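Notes follow once the structure below has been shown.
Read-outs: derived from the displayed coordinates by stated rules, not from any lab. Remember, it's a predicted structure, so these values are computed and weren't measured experimentally. Here the Cβ positions follow ideal geometry from the backbone for every residue, glycine too, while neighbour counts run over all protein chains shown.
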DNA sequence: CTTTCTCATAGCATCAACGCTATGAGCTGG
DNA sequence: CCAGCTCATAGCGTTGATGCTATGAGAAAG
């Protein structure tokens, strides 16, 4: 499972310019997971969150599944609904193994 | 100058659901400023950065000016070009001011 | 088996970001 | 005055995210 992730990563990294695309997809996936976790933490259904974030249940499902690359305004609305703050910025490259 | 920003903010905040839109616009503006700072720090022209990030000079200018809401993949490419890491996530709401 | 709730997915329309080309403004140095 | 460089901006076509509606799968309860 973790092994296949590494392989996928290496394969994609071989293609030029695919590193960012992969990173972006990874980000979408992780953001979806994070929102789902926070939503369930609050005992909300997708419809609940959707209403609070001025969107539809289908949009929430799509986002949580990482099906699309979320836009900043969407993330902002979700953050607001969840009582969180959206953080977007650049960090110095950490040399992690 | 700073006064007009406040007025704009207050006016927009009055409309429902505009808080996130404002925050998003603010984010776009700040990201543009940050990238410009990092670019100049490295002594690069917009064309230099554009080449490294696989985009055109006009796209860099548009982004730095905060003219559009940047997408995650774009930010990822810029981060890569600048040797930085893009960070996107949610933070607990801090009660500032 | 039927109802209900939750989530996933599809199809479609709209809208905005992005790539691209071209051009103009501002500055500097010849 | 005339390049040359840097940045800003406009127009246009393409692409993809989002909003919306509708429907299906799966589980739980009756």
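Note: relative contact order over the range B:16-81, using C-alpha pairs below 8 Å and six or more positions apart, is 39 percent.
By average Cβ neighbour count within 10 Å, what is the ranking of B:40-46, A:74-80, B:57-63 from highest down? All intermediate terms of the calculation are to be shown ahead of the outcome.
Numbers: B:40-46: 12.4, A:74-80: 23.0, B:57-63: 17.7.
Listed from highest to lowest mean packing, they are A:74-80, B:57-63, B:40-46.
For the range B:16-81, the equivalent ellipsoid built from the Cα gyration tensor has semi-axes of 23, 11, 9 Å, listed from largest to smallest.
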